[in-house]
1. Considering only residues that are outside any strand (DSSP E or B), of a type in the set (D, E, K, R) and under 13 Å from the mean Cα position of the chain (by Cα), which ones fall in the stretch 116-150?
2. When only residues in the stretch 79-93 that are of a type in the set (A, V, I, L, M) and crowded, with 17+ Cβ neighbours inside 10 Å count, which is farthest from residue 63 (Cα to Cα)?
3. Being modelled with pLDDT under 95 and surrounded by 19 or more Cβ atoms within 10 Å (Cβ to Cβ) is the filter here, so list the residues in the stretch 47-64 that pass it.
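The values are calculated or read from the model by the stated rules, or taken from the named source; none is laboratory data. Fair warning: this is a prediction, and the values are worked out from it, not measured in the lab. Note that we place each Cβ from the backbone using ideal geometry, even for glycine, and neighbour counts take in every protein chain shown.
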Amino acid sequence: MLDKHLHGAAFISITIITLVQVIPLVYTQTVDAYDNKTVVNPPPELAAINNTLTDNNVTIAAGSSSPKNEKNFVPPVLHTGEGAIVTWTNEDSALHTVVSKAHAAGSSFPEFDSEYIGPNDTFKYTFSTAGTFDYYCVLHPFMKGKVVVQ
């Protein structure tokens, strides 16, 4: 009976040590200051995990349909990693689109095309390959943005 009790205690100790060793590796990150904002850069082996934790959102700003508006897609350039899902949200009162300028290899169609995004609606796209993806609004061609996937 004592033998079984000791064996269970040894197992628990090993489990706790293993968890203590794993947790610091998962949450270790480097923080850089940039324009009074904090940018978190995880180690490369955690990039896939980070893509689900970071803010991969682009806002279509209110008033974007006017060429006089200084902000259209916010941020105008989004940096993210492979496998990231980027969400565009239309906060304007007009319809908009999000269409890539680049075409997939061997295709005459854009890499992504949201079709019409109504006010308060969203469009999501998963970036599965690295590259720079320029995009624009078909209805308002002066609206341009970029997603850089590393």
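1. none
2. In this case the residue turns out to be 84.
3. 51
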